[in-house]
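Enquirer: Structure below; questions to follow.
The values are calculated or read from the model by the stated rules, or taken from the named source; none is laboratory data. Computed from a predicted structure; not experimentally measured. Here Cβ is always computed from backbone atoms with ideal geometry, including for glycine, and neighbour counts include all displayed protein chains. Ligands, DNA and RNA are excluded from the accessible area calculation, which covers all protein heavy atoms including side chains. Shrake-Rupley method; radii C 1.70, N 1.55, O 1.52, S 1.80 Å.
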Amino acid sequence: MMAGKMCIYCGLLLTTLTASPAIAENGSVPADYFENLPLVLTASRLKQSAAEAPSAVSVIDHEMIVASGARQIVDLLRLVPGFYVGYYRGSFPVAAYHGLSDAYARRMQVLVDGVSVYSPLYGGVEWAELPVFIQDIERIEVVRGPNAASYGANAFLAVINIITRDPATEPHVQATLNVGESGIRDVVARVAQHGDDWRYRISLGQRNDDRFTTIPDNSRITLANLRAHYQLNPVDALSFQMRASRGMESAGYFDISAGDVGTPHPRDISQSTLQMRWTHAQSADDEFWVQASHHEQNPREVDNFFLRLPNFPPIPYGINYNYDLKRDDIEFQQLHKLGESLRMVWGGQWRDESVQSNAFFHDDKLKNNELSRLFGNIEWHPFDKLGVNGGVMFERNSMTGESFSPRLAATYNLFPGHTLRFGVSRANRAPTLFEEYTNQTYDPPPILAPFTHGLPLKITFLSSANLEDEKILSREIGYVMDIPQWKFSGDMRLFNDQVSKLIDGSKNRPVMALLNNTAFDYYNSSQGVHEQGLELSARWHPWSGARIDANTAYIRIDSDMPDTQNSAPAHSRSLLFSQSLPRDISFSAAYYMVGNMYWQRSPGELPAYETLDLRLAKRYRWGAQNVDVALVTRNALGNHHDYDMLNIERRISFLQMTIAY
């Protein structure tokens with residue numbers, strides 16, 4: 001049945017071949033062949049046309065970001081085929097690709113300007129706390145499929161690279177205000193300046209939310225970032241970035257009796273990142289850079305309640321979820337052009353990640369993972385129509401040892417505007433520090449110590465450690481088209497992935513505690529997971545001022561593991577339509593459909609849902625000043641659930657005003 005659907009989809013795409021322009025008499029590809037396709041960097045670390053890249057790459061550009069009406073970065077990923085987004089809490093969104101995800105999407109690598117923001121403690125990304133404003137983003141490149149050959153462990157199912165705007169392209173001053181329902185109160189101020197050999201941008205603001213009425217999840221987060229560049233001489237440049245966020249999020253539940261565990265309480269957040277890079281560029285094809293970065297994260301959360309035990313009065317007790325996380329990273333890269341048809345990029349990286357948390361490890365010792373890696377990628381064109389991309393990553397980490405991740409892909413230009421891609425790759429995912437070392441043991445309060453015989457109150461998580469890397473073998477066939485006379489481009493990806501040694505958990509480890517006798521433990525499953533499916537993406541400018549970005553995805557997951565087979569929607573679709581109108585008015589609509597699915601370790605299956613976001617905007621001009629006013633309505637089709645049946649996504653509207661000069 002699946003093969004039949006794939007054949008139908010492929011047939012619909014391939015019918016456009018007959019409408020393509022004639023090939024040159026000598027069989028070569030015209031120089032402007034890839035003119036209408038975006039250039040991408042993330043797939044192989046080489047700047048390439050999307051048609052020449054070794055993997056399928058989706059690009060969310062600045063025009064799409066504005067038209068979407070999104071307030072948070074994570075919501076933009078709905079515009080990528082195969083991605084879906086849910087809100088575990090209003091301040092805790094989750095984005096996933098191809099299933100196998102709970103509240104922490106551990107199998108995707110996420111970068112900001114090439115620097116990882118993947119959490120070594122839990123995995124995934126705390127999107128709401130990421131200190132990047134949506135106004136700062138130039139584009140987001142999403143590599144759909146494993147990319148460990150370029151970015152190492154954890155680039156397992158996809159890579160998301162958030163690329164911020166160059167200060168030289170920014171207005172000197174910009175201020176944005178969002179005001180609306182569900183406690184939406186956002187303010188962002190941005191200043192950019194530049195001279196002959198320097199430029200910088202500073203962004204500062206606050207985001208306020210109260211998304212759900214069923215749980216306490218209001219948040220107030222202050223974000224700040226700086227991006228600066230200095231050109232030392234014609235070939236040497238320095239760049240510096242700083243990002244930080246501070247704030248408060250509500251945790252707990254309304255339906256908990258007073259004095260019991262889980263009553264509403266605050267969670268304080270704090271994180272910061274410093275990044276510096278030196279670049280030596282003799283030319284666009286001969287460039288060396290080295291960069292260093294440092295990241296810290298220090299959330300604070302205490303849940304105070306009363307222990308209620310037989311024959312004892314209520315005893316005050318508190319559980320803290322505090323941790324201190326640090327990451328230090330040094331990386332270098334060298335780009336060479338070895339001939340007219342051969343380019344190469346290679347480099348290395350060292351990283352140390354550590355977490356200190358008595359709450360999660362039952363001691364104050366640092367739990368760390370140190371890794372080192374070497375990588376290389378080549379692009380070779382033996383003749384005009386054929387491109388070969390090869391890549392390899394060799395890495396070693398202190399938890400699981402050595403790993404080797406190769407990739408081989410070939411692209412073939414059938415004729416101008418139509419390219420086939422064939423690729424095969426291997427990747428791995430290292431366990432998180434929580435999976436490898438967790439020991440959530442709750443000691444009795446001092447008043448109970450004489451009665452417990454040395455036993456803890458409760459043990460909820462206790463890892464056996466000695467986990468191995470997860471493995472994936474991915475095979476794909478791609479087809480990229482670009483038809484300039486139709487103002488149309490698109491791509492298709494057929495994939496077949498085999499996952500082994502998946503890290504799973506179950507509550508089956510025997511423990512000795514007063515309140516329980518089994519704890520949750522992690523292990524490498526002996527059962528595999530087989531994923532196969534089809535993704536289609538298209539971009540079309542049908543008439544003046546109009547643009548349509550459409551995506552659809554189908555996936556089938558076969559596995560005997562619990563919570564796995566339905567962990568991704570079999571069908572998902574998105575469509576973004578935008579139209580520029582007279583008098584500086586613009587309109588856009590974003591439609592999303594997600595099939596029924598089950599987030600792993602969530603309370604139950606979610607029904608399929610459809611949602612529609614609308615944006616109507618008007619620009620006013622006074623000399624060099626622009627004032628943009630927009631009305632945005634989210635979930636215009638009404639209520640739905642995207643993570644938990646207890647949390648209802650409601651129709652909300654907000655007004656946005658941006659002043660720039």
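Enquirer: In segment 193-233, what percent of the accessible surface is made up of carbon and sulfur (1.4 Å probe, ligands and nucleic acids excluded)?
Expert: 48 percent
Enquirer: Using amide H atoms built 1.01 Å from N in the peptide plane, name the residues 5+ places from residue 110, or on other chains, whose amide H lies under 5 Å from its own.
Expert: Result for residue 110 returns 117, 118, 160.
Enquirer: For segment 163-241, how big is Rg over Rh, using alpha carbon atoms and the Kirkwood form of Rh?
Expert: We get a ratio of 1.17 for segment 163-241.
Enquirer: According to a simple spin-label model (label point 7 Å from Cα along Cα-to-Cβ), what is the distance in nm between residue 260 and residue 507?
Expert: Output for this residue pair reads 1.6 nm.
Enquirer: Considering the convex hull of the alpha carbon atoms of the chain, report its projected area averaged over all viewing directions, in nm², one decimal.
Expert: Average projection, Cα convex hull of the chain: 30.1 nm².
Enquirer: Quick check: net charge around residue 373, other residues with Cβ under 12 Å of its Cβ, Lys/Arg +1 and Asp/Glu -1?
Expert: -3
Enquirer: Shifting gears a bit: Counting helices only, and only those DSSP H runs with n ≥ 4, report the 222 nm mean residue ellipticity of the chain as the sum of -39,500 (n - 2.57) divided by its residues, in deg cm²/dmol to the nearest 500.
Expert: -1000 deg cm²/dmol
Enquirer: Amide H to amide H under 5 Å from residue 145: which residues, 5+ apart in sequence or cross-chain, H placed 1.01 Å off N in plane?
Expert: Here 158, 159 satisfy the definition.
Enquirer: Probe of 1.4 angstrom, ligands and nucleic acids ignored: what's the accessible area per residue over the chain, in square angstrom?
Expert: For the chain, the per-residue accessible area is 41 Å².
Enquirer: For segment 481-493, what does the Karplus curve 6.51 cos²θ - 1.76 cosθ + 1.60, with θ = phi - 60°, yield as ³J(HN,Hα) per residue in whole Hz, taken in order and with x for Gly and Pro?
Expert: Computed from phi, the couplings for segment 481-493 are 10, 8, 10, x, 5, 9, 6, 9, 9, x, 8, 10, 9 Hz.
Enquirer: Please give me the summed charge of the neighbours of residue 243: other residues whose Cβ is under 10 Å from its Cβ, Lys and Arg +1, Asp and Glu -1.
Expert: That sum, taken over residues with Cβ under 10 Å, equals -1.
Enquirer: Here's a follow-up. For the chain, calculate the relative contact order in percent as a whole number, restricting contacts to Cα pairs under 8 Å that are 6 or more residues apart.
Expert: Contact order relative to length: 12 percent.
Enquirer: To continue, here is another question. For the pair residue 366/residue 487, report the inter-label distance in nm, with labels modelled 7 Å from Cα in the Cβ direction.
Expert: Label-label distance for residue 366 and residue 487, simple model: 5.7 nm.
Enquirer: Which Rg and Dmax, in Å, describe the Cα atoms of segment 168-326?
Expert: 22.9, 79
Enquirer: Determine the order of 433, 342 by accessible area, beginning with the largest, at a probe radius of 1.4 Å.
Expert: Largest to smallest exposure gives the sequence 342, 433.
Enquirer: Please give, to one decimal in nm, the separation of the simple spin-label points placed at residue 358 and residue 315, each 7 Å out from Cα toward the Cβ.
Expert: 1.7 nm
Enquirer: If you bin every alpha carbon distance in segment 434-591 into 5 Å steps from zero, what whole percent lands in each bin?
Expert: 2, 8, 11, 10, 10, 9, 8, 8, 8, 7, 6, 5, 4, 2, 1, 1, 0
Enquirer: Here is a follow-up. Taking the chain as the reference, fit the longest principal axis to its C-alpha atoms, fit the long axis of helix 2-14 to the helix C-alpha atoms, and give the angle between the two in degrees, 0 to 90, nearest 10.
Expert: Between helix and principal axis, roughly 30 degrees.
Enquirer: Step through the table entries 47/618; 367/507; 337/471, compare each Cα-Cα distance with 25 Å, and write down the pairs that go over it.
Expert: Checking Cα-Cα distances, 47/618; 337/471 exceed 25 Å.
Enquirer: Please give the solvent-accessible surface of residue 88 in Å², to the nearest 10, using a probe radius of 1.4 Å with every protein chain present.
Expert: 80 Å²
Enquirer: Let me ask you something else. Hey, got a sec? Which GluC sites (Glu not before Pro) in segment 501-607 land in a DSSP loop and have at most 12 other Cβ atoms within 10 Å?
Expert: Qualifying residues, ordered by number: 605.
Enquirer: Set the Förster radius R0 to 60 Å, insert the Cβ-Cβ distance between residue 455 and residue 278 as r into 1/(1 + (r/R0)^6), and round the FRET efficiency to 0.05.
Expert: 0.60
Enquirer: Would you mind telling me the share, in percent, of accessible area of segment 370-528 contributed by carbon and sulfur at probe 1.4 angstrom?
Expert: In segment 370-528, the share of accessible area belonging to carbon and sulfur is 60 percent.
Enquirer: Please compute the net charge surrounding residue 180, taking Lys and Arg as +1 and Asp and Glu as -1 over other residues with Cβ under 14 Å from its Cβ.
Expert: That works out to +3.
Enquirer: Let me ask another. Scan around residue 132 for amide H atoms under 5 Å from its own, H built in the peptide plane at 1.01 Å from N, and keep only partners 5 or more places away or cross-chain.
Expert: none
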